[in-house]
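Q: First the structure, then my questions, so here it is.
Any read-out appearing in this document is the output of simple, stated calculations on the displayed coordinates, not a laboratory observation. The shown structure was predicted, so the numbers you read here are calculated from the model rather than taken from an experiment. So basically every Cβ, Gly included, is an ideal-geometry build from the backbone, and we count neighbours across all protein chains shown.
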Amino acid sequence: MHSTRVTKVLPYRPDQLFDLIADVEAYPQFLPWVSSLRAWNRTEAKDGVRSLDAEAKVGFAIVRETFATRVTLDERAKTIEVGLLYGPFRRLRNLWRFTPEGQGTRVQFEIDFEFKSRLLDTILAANARHAADRLIGCFEGRAKRLYGSAASSPATPAPADGAA
């Protein structure tokens, strides 16, 4: 099992970042390695917790894979937990936490994974930290496009059309 944790403070409100990460169907628009994503099996909020299942088709270099996860969204706790349903992983779990910090939000991303294929596991484990940093960077870029630049107040809502 390989574990990676990335923490970064971003100049946006926790609810903005929670909503951005929770919008899994938008991932193909800004995560270059996600070619398609479909969601199903949505549950309604119970005590601020809802879930959905999501299948992603991903590719990097010569690797093309499809995998599915159960995404649990806890709006009160501002956490998003993702667990494996099926795919090329033996194990996959990730957790997002959004905590107010100063004028922004401390974003914590943890991922634990192991691929079924030893070769794939070795190759991707060696690049796990880089991949997690790149993932956070993509979400940060998406937040900037949706909510404005880092210089703008995190309390300022996005323009009605979503343009930055």
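Q: For the cross-link pairs Lys8/Lys78; Lys78/Lys144; Lys46/Lys78; Lys8/Lys46, which exceed 26 Å when the distance is taken from alpha carbon to alpha carbon?
A: Working: Lys8/Lys78 15 Å; Lys78/Lys144 20 Å; Lys46/Lys78 14 Å; Lys8/Lys46 29 Å.
With Cα atoms farther than 26 Å apart: Lys8/Lys46.
Q: Which residue, Ala126, Ala143, Ala39, tops the fluctuation ranking in a GNM of the chain built on C-alpha contacts under 10 Å?
A: Ala126
Q: Still on this model: Let me know the shape class of segment 2-77, please: from the alpha-carbon gyration tensor, a ≥ b ≥ c as square roots of the eigenvalues, rounded when a/c is under 1.5, otherwise prolate if a/b is greater than b/c, or oblate.
A: oblate
Q: Moving on to the next point. Which angle between 0 and 90 degrees, to the nearest 10, do you get for helix 128-147 versus the longest principal axis of the chain when only C-alpha atoms count?
A: Long axis of 128-147 versus the principal axis of the chain: about 30 degrees.
Q: Per-residue ellipticity at 222 nm for the chain, helices alone: DSSP H runs ≥ 4 residues times -39500 (n - 2.57), over residue total, nearest 500 deg cm²/dmol?
A: -7500 deg cm²/dmol
Q: Say a paramagnetic label sat at a point 7 Å from the Cα of Lys8, along Cα to Cβ; which residues of segment 83-114 have their backbone N under 13 Å from it?
A: 105-110
Q: What nm distance separates the two modelled labels at Gln29 and Leu119, each placed 7 Å from Cα along Cα→Cβ?
A: It works out to 3.7 nm between the two label points.
Q: Quote the FRET efficiency, to the nearest 0.05, computed for Ile62 versus Trp40 with a Förster distance R0 of 30 Å and r equal to the Cβ-Cβ distance.
A: Details: r = 29 Å, r/R0 = 0.97.
Efficiency, from the Cβ-Cβ distance: 0.55.
Q: What trypsin sites (Lys or Arg not before Pro) does segment 1-76 have in DSSP loop regions with at most 16 other beta carbons within 10 Å?
A: Values: sites: Arg5, Lys8, Arg38, Arg42, Lys46, Arg50, Lys57, Arg64, Arg70, Arg76; in loops: Arg42, Arg76.
For trypsin sites (Lys or Arg not before Pro) across segment 1-76 that sit outside H, G, I, E and B with at most 16 neighbouring Cβ atoms in 10 Å, the list reads Arg42, Arg76.
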